[in-house]
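Reading through the structure tokens given below for one structure.
The values are calculated or read from the model by the stated rules, or taken from the named source; none is laboratory data. Note that the structure is predicted; figures quoted are calculated from it, not measured. As a convention, Cβ positions derive from the backbone with ideal geometry for all residues, glycine included, and neighbour counts pool all protein chains shown. We work out accessible area using only protein heavy atoms, side chains counted, and drop any ligands, DNA or RNA first. Shrake-Rupley method; radii C 1.70, N 1.55, O 1.52, S 1.80 Å.
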Amino acid sequence: MSYKLSVQKKIEYDKICNTISELSQEIDSLKKENKDTSEIDKQLETILNKCAEFIRKEFYNRNI
């Protein structure tokens, strides 16, 4: 079954994905410089949880 997101939800999802990508790149950069990534790790964990919540809400808990 196919499901399309509304424009607003697509923007929200894209923003989450972009944030994940940016944080991942920042972690990679910090690791190459042998710097602490713990703060960025926490931010990434938070946004990944938000992403999982979004997916659950939009694709698994919606009324069909």
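Among the residues of segment 22-40, those identified as polar (S, T, N, Q) and open to solvent by less than 90 Å² (accessible area, probe 1.4 Å) are SER24, SER29, THR37, SER38. If I ask for residues that are assigned to a loop (DSSP other than H, G, I, E, B) and without any contact (Cβ under 8 Å) to a residue 24 or more places away in the chain, which ones from segment 2-60 would you list? Passing the criteria: SER2, LYS4, SER6, GLU33, ASN34, LYS35, ASP36, THR37.
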